[in-house]
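A short worksheet on the structure shown next.
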Amino acid sequence: MADLFKILRAYLVLGGLALACITVYRLKQAYGWLTVPEQDSLMAPLLSPGSFFRIDRKAVEKPLERFAVVAYLKDVRTPDAILLGRIVGLPGERIAVTDGAVLVDGKPLPEPGRATPTYGRVSDMLVPRDHYFVLVDERSDPRFQQGGGNADSRDFGPVPACRMIGRLAR
């Protein structure tokens, strides 16, 4: 009989721990807390892999500004695939990436503190209405030389505003 009580107590403790973990996870989702995926270092040094940060979900209810760091869905069919990036192109602007530089309406984008080139090539592209051109901070990643980096607008084009989840809270 004593063994039965020990087993029952163990199940209750494990059940309580599981319930606590689920509660914390749900609270983090409800109040905008997300975790950077462990393998993701594309927003370094701003965010390190595995770090916690707060996403302001209400920020996407109004137009976003240049250089805002946002969380967005690459594809609505995979809602768990949340990406992070920095807005560099606004609706109605022409964006190009050439010779290691980002051009907005034909002029180099001034990015204070940016010393590394931006790999990849994007022909002159008009950012459509209700879309944003989003780039990761680690743009010197060689995967973008031939394309296939699969992390920002250089690969999959401007991101529709409806896919924006929120903005990194300050």
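Here is how the numbers come out for the structure above:
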{"read-out": "Qualifying positions in the range 147-159 - open to solvent by 20 Å² or more (accessible area, probe 1.4 Å) and either outside any loop (DSSP other than H, G, I, E, B) or at pLDDT 85 or above (or both)", "value": "R154, D155, F156, P158"}
{"read-out": "The one condition in (1) at pLDDT below 70; (2) in contact with a strand residue (DSSP E or B) (Cβ under 7 Å, 6 or more places away or on another chain); (3) of a type in the set (D, E) that D56 fails to fulfil", "value": "(1)"}
{"read-out": "Pair list, Cβ < 6 Å and 6+ apart or interchain, from the range 47-70 residues that are closer than 14 Å to L84 by Cβ to residues that are among the polar types (S, T, N, Q) and assigned to a loop (DSSP other than H, G, I, E, B)", "value": "P49/S41"}
{"read-out": "Selected residue (only one of R129, R170 is at pLDDT 90 or above, open to solvent by 60 Å² or more (accessible area, probe 1.4 Å) and assigned to a loop (DSSP other than H, G, I, E, B))", "value": "R129"}
{"read-out": "Cβ-Cβ under 9 Å pairs, at least 6 apart or on other chains, the range 76-91 side farther than 18 Å from R129 by Cα and open to solvent by 40 Å² or more (accessible area, probe 1.4 Å), far side at pLDDT below 70 and part of a strand (DSSP E or B)", "value": "I82/L34"}
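The values are calculated or read from the model by the stated rules, or taken from the named source; none is laboratory data. What you see is a predicted model; the values in this text were computed from it and never measured. Methodologically, a virtual Cβ is constructed for each residue, glycine included, from the backbone with ideal geometry; neighbour enumeration extends over all protein chains shown. Calculation scope for accessible area: heavy atoms of the full protein, side chains included, ligands and nucleic acids excluded. Shrake-Rupley method; radii C 1.70, N 1.55, O 1.52, S 1.80 Å.
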